[in-house]
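Chemist: Quick one: this structure, given as structure tokens, is what I'll be asking you about.
The values are calculated or read from the model by the stated rules, or taken from the named source; none is laboratory data. Keep in mind the model is a prediction, meaning the values are calculated, not measured. Cβ coordinates were reconstructed from backbone atoms using ideal geometry, including for glycine residues, and neighbour counts include every protein chain displayed.
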Amino acid sequence: MTRRKWQLLLMAGIVSAAATARAQNAIESTPAFASIYQRKVDAVAIGQLPQLFTGSASIAPNYGFPWMVSLEVKGTARQNGHFCGAVVIDPAWVITAAHCVATAIRNGEGHTLAAADPDKLQVLTGTNILSRGGSVRRISRIVLHPEFGIAMQRVPNNDIALLKISDAPNLTPLAVASAGQAETMLVDGESVRIFGWGTALFGPNNPVSNTLLYTFVDVVGRSKCNAKAAYDGGVADSMFCAGLGYSDACQGDSGGPAVGYANGVPYLLGLVSWGVGCANRSFPGVYTNVTKFNGWVHAIISNRY
Ligand code: ARG
């Protein structure tokens, strides 16, 4: 497929960079959720494999993944506010995709991207169920990667941001993989585990899941992912691809983790960032390779400012 063609597809695929617009999306998409989700829960109860992410996602056990958090619009009723995933990587810091927490500021002809107002957002920690349990915490600071940008074709670049949690931060972190670990884990055919409350289907008005889901996706090597028939060079070194069409992340999963395991210990490798549609055989999901940003992450967190 030509670059031009997938650029057009992406227009539909990537939700606006403005957190408020994305939040709006999530809010509008919520009401239909109950029936779809209940069908999944019923299917699990009678022993059928759930068909989620248009593939084979499973329901995560509650409290099994204490570092998984939901990014929400402040002041909305529980599950209505979810719009992105995020991951605890330090007792007081959460990492997410920059496009989840950036807002476009008009200036003359164009716009610049800036951090959204932290007062408009909150995180939900300590539960897998958006509508129940856990605790809501305030965000005191949003730090976008200084080179975060959104290209003409709406591909986010350096799609990574840190959120400082202000009230009673004592969160349970997930270790970030080292660059060396990533080199062995992020090779073609290796499996990574992804988590999120995102939609099961791609489209404008699909509901998010009330319960955290996970699935496994195979890493797709950069040369395959950048082939003409796929993203045709659109996948930068700071990104990696995963998902061969049978399972994938989808809308509302952005900012959530791709996790690799070493001797049974989980490590954060990536953040859900972008893709064309969801669970599309020709277009894998694309993730921010967090390990390319370890220096930046460490600098921000260790200053503790
Ligand atoms: N941009 C989407 C979000 O905001 C995530 C898209 C990931 N797409 C994919 N096919 N893996 O949640």
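Chemist: Which ones in the range 278-305 are out of contact with any Ser or Thr (no Cβ under 7 Å at 6 or more places or on another chain), among the β-branched types (Val, Ile, Thr) and within 16 Å of the ligand (Cβ to nearest atom)?
Modeler: Of everything in the range 278-305, just one residue is out of contact with any Ser or Thr (no Cβ under 7 Å at 6 or more places or on another chain), among the β-branched types (Val, Ile, Thr) and within 16 Å of the ligand (Cβ to nearest atom), namely VAL290.
Chemist: Does ALA86 fit the bill of being modelled with pLDDT of 95 or more, within 16 Å of the ligand (Cβ to nearest atom) and either closer than 25 Å to PHE293 by Cα or in contact with a Pro (Cβ under 9 Å, 6 or more places away or on another chain) (or both)? Full working, then the answer.
Modeler: Numbers: modelled with pLDDT of 95 or more: yes; within 16 Å of the ligand (Cβ to nearest atom): yes; either closer than 25 Å to PHE293 by Cα or in contact with a Pro (Cβ under 9 Å, 6 or more places away or on another chain) (or both): yes.
Criteria met by ALA86.
Chemist: Taking the range 244-264 on its own, how many of its residues are among the small types (Gly, Ala, Ser), at pLDDT 95 or above and buried (at least 24 other Cβ atoms within 10 Å of the Cβ)?
Modeler: Residues flagged as among the small types (Gly, Ala, Ser), at pLDDT 95 or above and buried (at least 24 other Cβ atoms within 10 Å of the Cβ) within the range 244-264 amount to 3.
Chemist: Could you list, in sequence order, the residues of the range 215-233 that are more than 12 Å from the ligand (Cβ to nearest atom), at pLDDT below 95 and touching a strand residue (DSSP E or B) at 6+ places or on another chain (Cβ under 8 Å)?
Modeler: PHE216, ALA230
Chemist: What are the residues in the range 251-277 that are in contact (Cβ under 8 Å) with a residue 40 or more places away in the chain, more than 6 Å from the ligand (Cβ to nearest atom), assigned to a loop (DSSP other than H, G, I, E, B) and more than 8 Å from the chain's Cα centre (by Cα), if any?
Modeler: VAL276, GLY277
Chemist: Related question: Out of the range 59-90, which residues are surrounded by fewer than 21 Cβ atoms within 10 Å (Cβ to Cβ), closer than 11 Å to ILE129 by Cα and of a type in the set (A, V, I, L, M, F, W, C)?
Modeler: Scanning the range 59-90 gives ILE59, ALA60.
Chemist: Let me spell it out: the conditions are (1) part of a loop (DSSP other than H, G, I, E, B); (2) of a type in the set (Ser, Thr, Tyr); (3) surrounded by fewer than 20 Cβ atoms within 10 Å (Cβ to Cβ), and SER209 meets all of them except one. Which number is the exception?
Modeler: SER209 satisfies every listed condition except (3).
Chemist: Report whether or not GLU183 is farther than 26 Å from SER282 by Cβ, out of contact with any strand residue (DSSP E or B) (no Cβ under 8 Å at 6 or more places or on another chain) and not β-branched (Val, Ile, Thr). Walk me through how you get there before you give the answer.
Modeler: Working: farther than 26 Å from SER282 by Cβ: yes; out of contact with any strand residue (DSSP E or B) (no Cβ under 8 Å at 6 or more places or on another chain): yes; not β-branched (Val, Ile, Thr): yes.
In short, yes.
Chemist: Does the range 133-142 contain at least one residue that is part of a loop (DSSP other than H, G, I, E, B), more than 15 Å from the ligand (Cβ to nearest atom) and either at pLDDT 95 or above or charged (D, E, K, R) (or both)?
Modeler: We begin by selecting, within the range 133-142, every residue part of a loop (DSSP other than H, G, I, E, B); these are 133-134.
Adding the requirement that they be more than 15 Å from the ligand (Cβ to nearest atom) leaves 133-134.
Those left that are additionally either at pLDDT 95 or above or charged (D, E, K, R) (or both): none.
Checked against the condition, which is being part of a loop (DSSP other than H, G, I, E, B), more than 15 Å from the ligand (Cβ to nearest atom) and either at pLDDT 95 or above or charged (D, E, K, R) (or both), the range 133-142 yields no hits at all.
Chemist: Okay, moving on. Checking ILE301 against (1) in a loop (DSSP other than H, G, I, E, B); (2) of a type in the set (A, V, I, L, M); (3) touching a strand residue (DSSP E or B) at 6+ places or on another chain (Cβ under 7 Å): exactly one of these is not met. Which one?
Modeler: (1) is the only condition that ILE301 fails.
Chemist: Taking into account only those residues within the range 155-187 that are surrounded by 15 or more Cβ atoms within 10 Å (Cβ to Cβ) and of a type in the set (D, E, K, R), which is nearest to the ligand (Cβ to nearest atom)?
Modeler: Of everything passing the filter in the range 155-187, ASP159 is nearest to the ligand (Cβ to nearest atom).
Chemist: Any idea which of GLY252, GLY275 is in contact with an Asp or Glu (Cβ under 8 Å, 6 or more places away or on another chain) and not assigned by TED's automatic domain parsing to the domain that holds PRO156? Before you say what the answer is, go through the steps one by one.
Modeler: Details: GLY252 fails: in contact with an Asp or Glu (Cβ under 8 Å, 6 or more places away or on another chain).
Every option except GLY275 fails the conditions.
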